[in-house]
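Chemist: Pasting in a structure now, in structure tokens, and then I'll have a few things to ask.
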Amino acid sequence: MKKIRHKISITGIVQGVGFRPFIYRTAIKHNITGFVKNTKEGVLVEAEGENVLSFIKHIISEPPSISEIIKYKTEEIQIKNSKSFDILESENGDISDVLISPDITICNNCRAELIDPENRRYLYPFINCTDCGPRFTIIKSLPYDRPYTCMNVFAMCDTCKNEYTDPENRRYHAQPISCYNCGPELFFYDNNMNKIEGDHIKNAADKIRDGSIISIKGIGGYHLSCRADDDNIVKRLRDIKKRINKPFALMAPLKLIEEHCHISQEEIKALKSAHSPIILLKKKKKTGLSEMVAPGMNYLGFMIPYTPIHVLLFRFINFPLIMTSANQSEEPIIFKDEFSKLSRLSDYILTNNRSILSFCDDSVGKIFNKNIYLFRRSRGYIPYPIKLNVKTEKNILGLGGMQKTTFSMLNRDRVFLSQYIGWTDNPATITREKEAINHYMNIFSIKPDIVVIDKHPNYPNRIIAEDFKNVEIFELQHHRAHIISLLAEKSETDTVIGVAMDGTGYGDDGQIWGGEFFTGDFKNLVRIAHLKYTFLPTGDRAIKEAWRYSISILHEIFGASDKTQSFAEMFGNPGKIISQIVNNKQNGVLTSSCGRLFDTVTSLLEISHVNTYTGELPSLLQSYAENFIWKNNIVKNTYNYKIFKEKEMYILDMLPAIADVIEDSSSLEKRAYVFHRTLSESITEMCCIIREESSINKTYLSGGVFQNTLLLYLVKELLEKENFEVYFHSLIPANDGGISLGQVYAIAGKFIK
Ligand SMILES: [Zn+2]
Ligand SMILES: [Zn+2]
Ligand SMILES: [Zn+2]
């Protein structure tokens, strides 16, 4: 064979993920000389030898698990007669171009070594390599090099140092490298902080088996863990966490998960991916787990053991474990060694002396349409940037909304979307967000010129924005941000129809929006249509206590009739007071929220009346509807609704449908399903009307209500039947976790380079 030389440029997720050592090892295997180096765009390789083509084929077909080749280009060039293959230093020292890898699930090689008695890291709870281990959560500042991580306090032993400096070793430049001789250690305490000696992991497993609740230090914070098959234990955890009904996440190896849930190939792939998110899986009829893990839900959220500590724990345990963030109600996850707090939340603490520098909750998603559909983009995904197809000259910081908050930092064409921060309605979470913003500014060397906030006058992101001096502040309406977050995810610059079905967002007119139709592009969206305004008595309280809104809806449909009165009477004196408020239309706001529609249907069907967590009633209604359709029931009928025009605005009135839901004598399941179907049809009809006027054929679906994958499925099917192009989220949450991305993309439109 003839010797040739190729220049290969590769872009995608190829930095900080062990890509260069992988290229090096592959080159040696194929007798290739030349070099590899990081560039601004990605990785550049020059390869010379007889096997260049098979070398390229190998790189493209079997890249490291966490990497992702988006594009590559090869070109034959002059032979240079290189003698060796080298890893060259990066092209320039511009730190802001170096990307930080997300934290990566333990890889198969490390899993094998972990349980190999011959290996020097046999059962070592901090085993990792270039392909796996903590990254984002251990970084102090850039460059990503050992002295700038929390591993700087552990001096490498000679054996580790040899591995670290040998390009042929799979631990070459693995910053968290360590072993029994030189690395972090485990500790096990009771909740009086008495040290317990012995095999710490076995001790923890024994205590869990006996019914205790254990704090376990993980990658991005502490988990609370306990058995999931005992009502009393789960109830105790709920009391401790002050969490009434919100589902808990579970952890188990795949084999165990299969005993409790139906799993598709795509779900297995997602569970086993390097991101290892929590995946919502359809629960089997009989699971043997406590119903209190996820009351009323058709899905259980499972992840697989993703750190060596978890893997070792499951050597002693053969049942699923609850693994929920260590915190109380909506407070942020505990990630520092705050033992006094942890001992109030748990009976024992399994900890270690490797610091966590950034908190990072587990990511959560589901498989929809054979693809990942994230509800929370956090550990395993961040801080990898989202690439926009426009470049700006300004650095823009978006502060998100108030629920499920994230922030986004835009620099040129890259958006660094933050980890999940949570509800910023309490001082602890606001402080947490401020700290995280400072950390991002530091590690990415970005100073914002512009800060974007939600239009809501009372959201705390106004307070956070005040901390920034000499910045321009922009406001963006909540539902425009939802749609634009999806435009950013899909790199869309065209004109579209945006459908935002959501819970709560402050509207241009001071009312609470949440069922909105727009046309336009990422720079400017015009409201074209919305759900009919109805009266939400006592504002925010009625969002939680949906029965309050139901009284208002009944009043709207039936007036002050017997039906309305007898429903109100179920709630005693407060019911009477709400009736009066509704009669006088005082103390409340108008809302076009789609989330509230789901609330009130669930409440009027008397399935449940109170949201103990955001989206509880809508999720219950979804469960009922799914239970109907999963039994292979077929229905063709829908309820009534009205579309009309008022002052140049189209109005979708779903009150006739709610009246039909109430009057219908079919089963609750069927009524829940027909409601879903009706709403999907009405959304589709509205899109047809808008297309008629605007000739726009692309529909973009966003907003928290589209976490309901039954609704999303039905809307998608119906729109496609009408020949619309339909776009929905995948890696960016449809809920408020995506708002900050929409904020920066929208304002970027004003400053395109
Ligand atoms: Zn590994
Ligand atoms: Zn060592
Ligand atoms: Zn929203």
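Chemist: Please list, or write none, the lysines whose alpha carbon is within less than 18 Å of the alpha carbon of residue 29, excluding same-chain residues fewer than 8 places away.
Modeler: 2, 3, 57, 83
Chemist: Order by neighbour count: 599, 562, 347, fewest other Cβ atoms within 10 Å first, most last.
Modeler: Details: 599 32, 562 8, 347 18.
Least crowded to most crowded, the residues run 562, 347, 599.
Chemist: Which net charge results when you count Lys and Arg as +1 and Asp and Glu as -1 among the other residues whose beta-carbon is under 14 Å from that of residue 181?
Modeler: On the way: positive: 120, 121, 161; negative: 158, 163, 185.
Net local charge, residue 181 excluded: 0.
Chemist: Taking the Cα centroid of the stretch 233-283 and of the stretch 607-635, what is the distance between the two, rounded to the nearest whole Å?
Modeler: With the stretch 233-283 and the stretch 607-635 each reduced to a Cα centre, they are spaced 19 Å.
Chemist: Considering every Cα-Cα pair within the stretch 534-591, what fraction, in whole percent, is farther apart than 13 Å?
Modeler: Considering the stretch 534-591, 50 percent of its Cα-Cα pairs are separated by more than 13 Å.
Chemist: Once both axes come from the Cα atoms, what is the angle between helix 19-29 and the longest principal axis of the chain, in degrees from 0 to 90, rounded to 10?
Modeler: Tilt relative to the chain: about 40 degrees.
Chemist: Hey, another quick one. Which residue, 18, 251, 445, has the largest displacement toward the positive end of the dipole of the chain when charges sit on each Cβ (Lys, Arg +1; Asp, Glu -1)?
Modeler: Most positive-ward Cα: 18.
Chemist: Hey, got the dipole for the chain? About the Cα centre, +1 on K and R Cβ, -1 on D and E Cβ, debye to the nearest 20?
Modeler: 980
Chemist: Give, as a single signed number, the net charge of other residues whose beta carbon lies under 14 Å from the beta carbon of residue 560, with Lys and Arg counted +1 and Asp and Glu -1.
Modeler: Cβ neighbours under 14 Å give a net charge of 0.
Chemist: Between the stretch 646-716 and the stretch 186-202, what is the separation of their alpha carbon centroids in Å?
Modeler: 55
Chemist: Here is a follow-up. Show me the ranking of peptides 465-473, 215-223, 186-194 by mean Cβ neighbours inside 10 Å, starting with the highest.
Modeler: On the way: 465-473: 12.4, 215-223: 26.1, 186-194: 15.0.
Descending packing order for the listed peptides: 215-223, 186-194, 465-473.
Chemist: Something else: Taking one equal scatterer on every alpha-carbon of the stretch 4-87, how large is log10 of I(q)/I(0) by Debye at q = 0.19 1/Å?
Modeler: With no solvent term, the Cα-only Debye profile gives -0.73.
Chemist: Less than 27 Å apart at the alpha-carbon level, and either on another chain or at least 8 residues along: which lysines does that give for residue 341?
Modeler: Correct list for residue 341: 140, 195, 202, 207, 217, 235, 241, 242, 246, 404, 434.
Chemist: Counting other beta carbons within 10 Å of each residue's own, what order do 58, 173 fall into, fewest first?
Modeler: The fewest-first ordering by Cβ neighbours comes to 58, 173.
Chemist: Could you list, by residue number, the cysteines of the chain that have no other cysteine's beta carbon within less than 4.7 Å of their beta carbon?
Modeler: 110, 129, 150, 160, 179, 226, 261, 360, 594, 687, 688
Chemist: Right, something else. Whole Å is fine, so just give me how far the alpha carbon centre of the stretch 10-74 lies from that of the stretch 365-418.
Modeler: For the stretch 10-74 versus the stretch 365-418, the Cα centre distance is 27 Å.
Chemist: Taking Cα atoms of the chain, Rg/Rh with Kirkwood Rh, to two decimals?
Modeler: 0.99
Chemist: Could you compute Rg(Cα) / (2.2 N^0.38 Å) for the stretch 385-504, with N its residue count? Intermediate values should be presented prior to the final figure.
Modeler: Details: Rg = 14.0 Å, N = 120, 2.2 N^0.38 = 13.6 Å.
Taking N as the residue count of the stretch 385-504, the ratio is 1.03.
Chemist: Give me 376, 671, 541 sorted ascending by neighbouring Cβ count inside 10 Å, so fewest comes first.
Modeler: 541, 376, 671
Chemist: Hey, another quick one. Roughly how tilted is helix 572-584, in degrees to the nearest 10 and between 0 and 90, from the longest Cα axis of the chain?
Modeler: Rounded to the nearest ten degrees, it is 80.
Chemist: Moving to a separate point now. Hey, what angle do you get for helix 668-694 against the long axis of the chain, alpha-carbon based, 0 to 90 degrees rounded to 10?
Modeler: Roughly 80 degrees, rounded to the nearest 10.
Chemist: Quick one: what Rg and Dmax do you get for the stretch 325-377 from the alpha carbons, in Å?
Modeler: When restricted to Cα atoms, the stretch 325-377 yields Rg and Dmax of 14.9, 45 Å.
Chemist: Rounded to the nearest 5, what % of DSSP beta bridges with both residues in the chain are antiparallel?
Modeler: Among the beta bridges of the chain, antiparallel pairing accounts for roughly 75 percent.
Chemist: A follow-up question, please. Near residue 631, which lysines are there with a Cα under 25 Å away, not counting those fewer than 8 places off in the same chain?
Modeler: Excluding near neighbours in sequence, the set is 282, 283, 284, 285, 286, 366, 370, 670, 716, 721.
Chemist: Distance from a point 7 Å along Cα→Cβ of residue 165 to each backbone N in the stretch 114-148: keep the residues under 16 Å and list them by number.
Modeler: 146-147
Every read-out reported here was derived from the displayed coordinates using simple, explicitly stated rules and does not represent laboratory data. Every value quoted in this text rests on a predicted model; they were computed, and no experiment measured them. Methodologically, a virtual Cβ is constructed for each residue, glycine included, from the backbone with ideal geometry; neighbour enumeration extends over all protein chains shown.
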